1. Suppose a student asked you for the relative contact order of region 18-69, using Cα pairs under 8 Å spaced at least 6 residues apart; what percent would you report?
2. When all protein chains stay in place, what accessible area (Å², nearest 10, 1.4 Å probe) is found for Glu277?
3. Run the 1.4 Å probe and let me know the accessible area of His273, rounded to the nearest 10 Å².
4. How high is the FRET efficiency between Asp14 and Arg259 when r is their beta carbon distance and R₀ equals 30 Å, given to the nearest 0.05?
5. In Å, what Rg and Dmax follow from the Cα atoms of region 1-148?
6. If I compute solvent accessible area with a 1.4 Å probe over the protein chains, what percent of it on region 1-148 is carbon and sulfur?
7. With every protein chain left in place, what is the accessible area of Asp14 in Å² (1.4 Å probe, nearest 10)?
8. Nearest 0.05, what FRET efficiency do His223 and Leu103 give at R0 = 22 Å with Cβ-Cβ as r?
Amino acid sequence: MTSLQPCVSLLRADSYELSQLRASLEQLLEPLGGMSAFIKPGDRVLLKPNLLTGARPGKECITRAELVYCVAQMVQAAGGQPFLGDSPAFGSARGVAVANGYLPLIEELNLPIVEFSGKRYETVSENFNHLLLSKEVMDADVVINLPKVKSHVQLTLTLAVKNLFGCVPGKMKAWWHMEAGKDSQRFGEMLVETARAIAPDLTIVDGIIGHEGNGPSGGEPRHLGVIGASTNVFALDRALLEILNVDPATVPITAAAQRLGLNVEPADMQFPHLRPEDLKILDWQLPTRMMAIDFAMPRVLKSTFRHFYIRFIKEPMSAYAGR
């Protein structure tokens with residue numbers, strides 16, 4: 001194997017117990033040089049989990065707090081300054097994190113949570129040279145992408161590349177569904193170009209317990225016992241499809257990466273620990289029904305109203321009531 005082949009580190013991990021998880025993560029990153037290979041002392045390090053919703057705590061709709069905590073600890077040990085950020089579909093990053101039990105762990109580490117704002121960035125593709133991406137993401141010294149393995153009723157699966165769509169601030173995501181969603185190929189390419197523009201330094205995927213069926217939030221938890229890491233989001237996604245026994249052609253993001261020359265086949269990857277076939281899941285549940293990607297104007301307006309209601313009315317009232 002040559003050094004040009006992307007390295008995808010895959011391991012079995014069955015527990016979110018902190019000491020076991022920390023040991024698993026250290027073993028996972030060892031072939032990539034460990035956390036210190038990515039962090040210099042003083043670096044501002046964005047941790048980008050999947051903070052989709054606060055509406056279904058316990059249903060494994062988001063990246064587990066324990067994984068974020070261990071990664072933040074490792075960043076701090078390497079001399080970095082981690083902060084947490086996302087742009088949830090509904091509500092604030094802090095509100096979703098608190099609803100899903102993040103608060104004790106982030107308070108222990110004094111881990112800031114930022115709400116993303118927007119700034120236009122030039123991208124490689126002429127078709128998407130007007131992408132609006134979070135300033136906080138693009139200004140970070142290091143970006144660590146922390147996705148959750150989930151099925152998705154619009155895109156079949158949501159993995160490492162799709163998680164970076166959360167770096168599009170506020171309700172711009174809903175507008176992208178309206179603007180590009182009528183063409184699944186164009187929408188997939190938009191997600192690929194978003195990931196390419198952000199270019200995360202490291203991705204660590206939470207597949208200990210995934211979310212199958214009618215995800216990203218309407219399905220059910222499923223124990224997989226898998227964690228993975230790579231510097232290449234496209235390679236990691238492709239390896240996960242192999243584990244889940246999903247045809248890449250059915251996933252618009254992977255199909256778009258293939259058309260754009262960014263896809264990597266497992267035969268062209270390095271697997272320093274386990275290979276996808278060692279972790280194969282033959283009965284992973286994909287959505288029972290697929291939904292259209294595009295949002296009509298009424299849906300965009302309804303989604304926008306719900307987002308602002310949760311963020312500026314429901315979340316503040318819940319915080320006040322908890323005092």
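1. 32
2. Spelled out: Glu277, probe radius 1.4 Å, area about 110 Å².
3. Probe radius 1.4 Å; accessible area of His273 about 60 Å².
4. Working: r = 37 Å, r/R0 = 1.23.
Efficiency, rounded to the nearest 0.05: 0.20.
5. Gyration radius and largest Cα-Cα distance of region 1-148: 16.2, 46 Å.
6. Working: 3010 of 6180 Å².
Carbon and sulfur together cover 49 percent of it.
7. Asp14 has an accessible surface of roughly 110 Å² with all protein chains in place.
8. On the way: r = 25 Å, r/R0 = 1.15.
After rounding, the FRET efficiency stands at 0.30.
The values are calculated or read from the model by the stated rules, or taken from the named source; none is laboratory data. What you see is a predicted model; the values in this text were computed from it and never measured. Positions of Cβ are backbone-derived with ideal geometry, glycine not excepted, and every protein chain shown enters the neighbour counts. Remember, those area values only see protein heavy atoms, side chains included, never the ligands or the DNA or RNA. Shrake-Rupley method; radii C 1.70, N 1.55, O 1.52, S 1.80 Å.
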